[in-house]
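Following: one structure in structure tokens, then a few remarks.
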Amino acid sequence: MVTLDVRPQLLEALSALRDRVAAARFPLPLAGAPRARANRDELLAQLDDYLVPRLREPQAPLLAVVGGSTGAGKSTLVNSLVGRRVTEAGVLRPTTRNPVLVCHPEDHHWFSGVRVLPDLPRVWAPQSDPGAGDDLLSPEDDPARVLRLETVETVPRGLALLDAPDIDSLVADNRALAAELICAADIWVMVTTAARYADAVPWHLLRTAKEYDAMLVTVLDRVPHQVVSEVSRQYGALLTKAGLGEVPRFTVPELPESAWGGGLLPATAVAPLRTWLVHQVQDSAARQHAMARTAHGVLDSLKSRMPELAGATAAQYAAALRLTSAVDSAYDTEHARVRARLQGGAVLAGDALKRWRAFPLDCTAAELLDALVESLGALLLCSVTAADERVDDAWRREPAAGAPGLAARDATYENAEHRIGMAVRRWRRELEEYAEDEVGRLDRSVAPDPEVVAALAATGLLGGRRARSAGEGLAERIGAHGALRLRDRAGRLLADYLDRVMHTERERRLAPLDALEVNPEPQAELIAALSVLLKER
Amino acid sequence: MTAVTDQDRTEHTDQTEDTVTTDREMTESSRSPGAGPAGHAPENGNPPEQRGAEVADVASGTNGTSGTSGSGADVEVSGAAGPGALSSQAPSPEGASADDDGGPHGPNGLPGPDGPRATDGSRGPGGPEGRTTRGANAHARVEHGDRHARVEHDDRHAARVKEGDGRAVRTEEGDRHARVKDDGRPVRAEDDGDRERTDTEGIWDDGLIARRVTESTAAELSPVVEPRVSRPLPVTPLAYDGPLRSRLDALRELVGLSRTRLDSRTLAEAGRVLDEAAARRRLSGQHTVVAIAGATGSGKSQLFNALAGVAISETGVRRPTTAAPIACSWSDGAASLIDRLGIPGRLRRRPVQGPDGDPQLRGLVLVDLPDHDSAAVQHREHVDRILGLVDAVIWVVDPEKYADAVLHERYLRPLAGHAEVMFVVLNQVDRLPGEAADQVLDDLRRLLDEDGIALGEHGEPGATVLALSALTGDGIGELREALGQFVTERGAAARRIAADVDAAALRLRPVYATPRRAGLSEEAREEFAARLADAVGATAAGEAAERAWLRNAGRACGTPWLRLWRWYQDRSEPPTGRLPVRAQPDEEATARQRVEQAVRTVADRASAGLPAPWAQSVREAAVRGAQGLPEALDELTARAGLPPGRPPRPGWWPAAVLAQASMTILQVVGGLWLVGQIIGVMSPNLGVPVLLMVAGIIGGPLVEWSCRIAARGPARRYGQEAERRLREAAAGCGRARVLDPVAAELLRYREVREQYARVMGAGVR
């Protein structure tokens, strides 16, 4: 016999774990991300709606959630168990659009607050006005989700029945809500029918119940009386095959009332189920057992679900790392390439080369400098766009790169040109200042024009082998020593600016990815929270 | 001969299959020693193809050894088949209908259903005989299909089946590949070819002999196909109407055009549609294959039985009930259609009234499917496979399950375009009290409407929605009537194919359609040219040329004294930078980065708005073209630059030089005159020599100045000329190497887009 031993440390560990789970994010569209998100939500719902409130207040009434496929007769079953029409039943699918919780009037306070299902606002229809009940049965024009509370004397104290929407509803929201409600249950009442007992969807739910080791009871509803024994045997065989042989099984025959009229089944039809439920509630040992089994089942399921979540966060981080490293390697490659090209004198080509050839005679120093700076800017811009192209290529193969905002960089293209232009112009200005410095140090009577010095220095620096004569000219004008110094300083400055430009562009490229905040920490934190919880159990 | 040998088991054999199974087995066992030469005794007793291969084997052996032409093999085959055919006591009408089964293999060369059939243990008596000649039959195909590859392929098929049942299924998959091959997928074709070769070699030991046999046999057999037409109940193949045919052609063209650009996964669906359309076309147009699909327990089998009027399909409370599809044909000649669905003979039925007892539904082939929503996954696979092959579907829903998400999300929504070949029947209305049935039916209509399925109300085309009860028979008459009309129209198959084409085209939309007009704008071209001109330095070159010209003019027309002074200056100055830069052969005069950037920009412009694969191919075309572009530009600049040497001179130049010279002479004359007066050689006359000198001194700079003014225009023209030459050369080079390939790629895209518009039917922008 398992009992529920609740210590404050356990609750603490549990709420810490809950916070970790709530903090887990899966922003990158990986293959497993939607599933991880759903798992996270489901786990969170189960923690919030069931496990934490149940462990806090073990004396709260047991909640039996009636779930099943559309048209399985869930509402009719609840109505019949209660003995009154508390929830809508009908021929049109899906019938139950808003969940209905039925409990004894004295248990009402347990459910009216936000103890369980905190996300669902409550609507309470007092029993005193039976006429109002009919109005509430058709809340067609109520778009917001509510949990309708019904209090009925015939429900035993300590038991609450919840009529959930269809688990396979055509309305996706209904499905999610149904899953959430079922996760909040102490006792899972799975309703299926003679026509449906082999459907894939309810079986999925049954398997989930088995996985969580929840207190499960199945109801085979709407069985035409001539085939009761055969269908029931078949169903039993299927259950046994699925390892659910010991699950309590109840059969409700198809009666004229069961049908489509929304009528109540005779009490005898649902008596065994009702007796079983009442026994679970009123026998304290059975109650303890039911409660502890589901709670422990959920706690145990954490052992596999938390690592799964942690794995998903790790996958997210790995994907983010892959994206980042693609950017890094692209920019590193381009950085190396642009350095090699600078060394090779690629800047002194085209316009700049023509200017240089014409230099002192048909071209002024300022024009030469302009051309050189422009050419340098073109080289940098080219390598930045080439890097971006490499990144695009690499990212195209990564599913994670589809995250919104990662690809939106078209608007920044002109800006890159602008930023690079700014950087190279600043470099030019500083170079001119250095040239003036060097010229100022000379103690010659006729000082050379600093602009010419700057232009020669730039040509020598950027022109590679081709501009050897520029170096000679510079040495003649400001002396070999000065020329060397100027060249060194300008070279360092150029390398500096180059690094800065590439770094800025890389950071800009990575900024949207960084904004997603995919870190390695959540994985460790999730596992840590789980191990603390397991220790406290 | 083929008339007999080509015959295959058919419906009549199905009816009697139980009684003749043993018969067949006997035949088999008695035959296996006969197959001895090939040395393949049937290991598992049921792959009938085995015999086909073996007999062909025998035939080839005979042929090979006797060295005679195909007729020898022919005789062999017919000899082997003859007794069997006789023992199957096939009267001629049956033989005719049997033909249908063989028919598809003849013209279409798709032995798809062979695989499953081979695995099927229970066969009619005609089976062995028909199959005996399968190998030969396959060869007969050659003449029709006139594709040589198929012969090998079929040989392979027949041969492969020898390896057993498990292999047989795989063979069918192989066939699929082979079918794809016809569409020209190069890689797979090779792949298949390899396998074919190895298989053929493995089995025949000599592919050459085999081929020779097949060719000769085919030549022999081909004429015999003709008489079929004259048989009773000829099966006219399905004919698609003009628009659909042209759409299919367009789709085929589209797939062919875009194969190199799109990955095969994207095109798979379209390829499948084409295959199915082609396959369906070769089969009977008289028949309409209608599948009954629905959830477990909705009463599919009940409805099936109710329509057939006899309990053909097992019904029961056990869920899921039906595990394998069952076919029921209302008239003869549908065997090949059912073959295509892969339904074995033991699961083929006739309605209770007999083949022609129910004229209303004549031409109907009804298929009862397993459920699509039970926990048994293989049922779903069956359903999904067969739903892709049938002409129309009856969806059976019941009041309990009509709003199931599985049905709507997995099947009805994706098939919304097939509304015209869709019936939705609400079964089990007997379980609903009173007007509830109407309510539910209305709700069902609403849900179908939300799924996007057009409802066939008020005479508009669309899905037919009916309420009925298979149990009580309520509404069955209506369905029968609707089905009867539907079948009589004989348009279902074509409509289904049209809907398939629609769906495939819609799915391909993202890779073909663009939100806006794509193309290379004039501005983009100009910008590209401008960037290339920048890369070769056209502007700077032009300016330099202009200045050089101007400088030369100034020097030529300048006063000699000024030139003297300049010369002196130059001598004293260090000769920095003025050293003529020698043009080294390996020099990279073109700015690589600018060329790269220009290509990238123009590719981006051109591919903007194109669907991703096409944008990629445009970019690739641009990059491919850009390889070697800088080198070409280098060379080009060297050639297209101004000719070396002195720039040309304008006509007035000698006059200006003369004027300048005369001014100098004036100065010199005046000076000499003065000097002469001073030293007393000449008579003193201050006025004239001073005047001369002054005129020379003033006139020299004056001439120089006016020359400079006058030289400006020609200098600019000269510079512009230099720039223009470079610019045009660069632009021309860029156009030839980059823009033209890009434009060609865009043109190809446009072509494909037009094809796509044709596929879509009317107007896609």
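Read the figures in this text as sums done on the coordinates, not as results from a lab. Treat the numbers as computed from the prediction; the structure is a model and nothing was measured. As a convention, Cβ positions derive from the backbone with ideal geometry for all residues, glycine included, and neighbour counts pool all protein chains shown.
Remark: region A:404-537 projects, on average over all directions, an area of 14.0 nm² (convex hull of Cα atoms). One quarter of the convex hull surface built on the alpha carbon atoms of region A:258-345 amounts to 12.9 nm², the projected area averaged over directions.
Take every Cα-Cα pair in region B:625-765 and report what % of them are more than 27 Å apart.
Numbers: 5997 of 9870 pairs.
In whole percent, the long-distance tail amounts to 61.
Close amide H pairs (under 5 Å, H built 1.01 Å from N) link B:Gly294 with B:His372, B:Val396, residues at least 5 positions away or on another chain. Legend: mean number of C-beta atoms from other chains within 10 angstrom of residue C-beta atoms, peptide B:537-549, equals 5.
Other residues with beta-carbon under 12 Å from the beta-carbon of B:Ser469 carry, at +1 per Lys or Arg and -1 per Asp or Glu, a net charge of -3. Each label was represented as a point 7 Å from its Cα along the Cα-to-Cβ direction; for B:Ile678 and A:Asp514 these points are 8.3 nm apart.
Taking Lys and Arg as +1 and Asp and Glu as -1, the other residues whose beta-carbon sits under 14 Å from that of A:Val424 total -2.
Legend: Rg and Dmax of region A:432-504, from Cα coordinates, 12.6, 45 Å. Considering only the Cα atoms of region A:489-537, their convex hull presents on average a projected area of 5.2 nm².
Taking 0.36 nm per residue of separation and subtracting the Cα-Cα distance, full extension of the segment from A:Asp449 to A:Ser15 would add 148.7 nm.
Amide H contacts under 5 Å for A:Leu149: A:Leu101, A:Val123, A:Trp124, A:Ala125, restricted to partners 5 or more places along the chain or on a different chain, H placed in the peptide plane at 1.01 Å from N. In loop segments of region B:415-524 as defined by DSSP, the GluC sites (Glu not before Pro) with at most 11 further C-beta atoms inside 10 Å of their C-beta are B:Glu435, B:Glu457. Listed from fewest to most Cβ neighbours within 10 Å, the set A:His289, A:His225, B:His372 follows the order A:His225, A:His289, B:His372.
Average 1/r across all pairs of distinct alpha carbons in region A:7-77, invert it, and you get the Kirkwood radius: 14.7 Å. Which whole-number percent of Cα pairs in region B:349-472 have a distance greater than 20 Å? Everything past 20 Å amounts to 50 percent.
Between A:Arg500 and A:Glu433, what's the calculated FRET efficiency when r is the beta-carbon distance and R0 is 22 Å? Round to 0.05.
Details: r = 18 Å, r/R0 = 0.81.
So the FRET efficiency works out to roughly 0.80.
With θ taken as phi - 60° and the Karplus curve 6.51 cos²θ - 1.76 cosθ + 1.60 applied, the whole-hertz 3J(HN,Hα) list for region A:29-38 is x, 7, 4, x, 5, x, 5, 4, 4, 5 Hz, x standing for glycine and proline. With 23 Å as the limit on Cα-Cα distance, the pairs of A:Lys303/A:Lys535; A:Lys210/B:Lys401; A:Lys210/B:Lys300 that go past it are A:Lys210/B:Lys401; A:Lys210/B:Lys300. Fewest-first ordering of A:Arg157, B:Arg571 by other beta carbons within 10 Å of each residue's beta carbon gives B:Arg571, A:Arg157.
What does the charge add up to near A:Asp199, with Lys and Arg as +1, Asp and Glu as -1, over the other residues with Cβ less than 11 Å from its Cβ? List each step's numbers first, then the result.
Details: positive: A:Arg196, B:Arg319, B:Lys401; negative: A:Asp168, B:Asp371, B:Asp373, B:Glu400, B:Asp404.
Its environment carries a net charge of -2.
Multiplying each eigenvalue of the alpha-carbon gyration tensor of region A:300-373 by 5 and taking the square root yields semi-axes of 58, 10, 6 Å, largest first, rounded to whole angstroms.
Using a Förster distance of 41 Å, how high is the FRET efficiency between B:Glu481 and A:Gln226, based on the Cβ-Cβ distance and rounded to 0.05? The partial results should precede the final answer.
Values: r = 32 Å, r/R0 = 0.78.
Rounded to the nearest 0.05, the efficiency is 0.80.
The Cα-based radius of gyration and maximum Cα-Cα distance (Dmax) for region B:261-388 are 15.9, 55 Å.
The P(r) of chain A has a tail past 33 Å containing 58 percent of all C-alpha pairs. Legend: Rg and Dmax of region A:280-422, from Cα coordinates, 29.9, 110 Å.
Here the spin labels are modelled as points 7 Å beyond Cα on the Cα-Cβ line, and at B:Glu721 and B:Glu269 they lie 6.4 nm apart. Model label sites at A:Glu507 and A:Ala528, defined 7 Å from Cα along the beta-carbon direction, differ in position by 2.9 nm.
From the Cα gyration tensor of region A:354-473, with a ≥ b ≥ c the square roots of its eigenvalues, which class applies: rounded if a/c is under 1.5, or else prolate if a/b is larger than b/c, or else oblate? If you can, show how the numbers build up before the last one.
Working: a/c = 3.50, a/b = 2.75, b/c = 1.27.
Prolate shape, in that a/c is at least 1.5 and a/b is the bigger ratio.
Straightening the chain between B:Val377 and B:Glu450 buys 23.5 nm, computed as 0.36 nm per residue apart minus the Cα-Cα spacing.
Annotation: amide H of A:Leu216 within the under-5 Å range of A:Trp188, sequence separation 5 or more or interchain, hydrogens built in the peptide plane.
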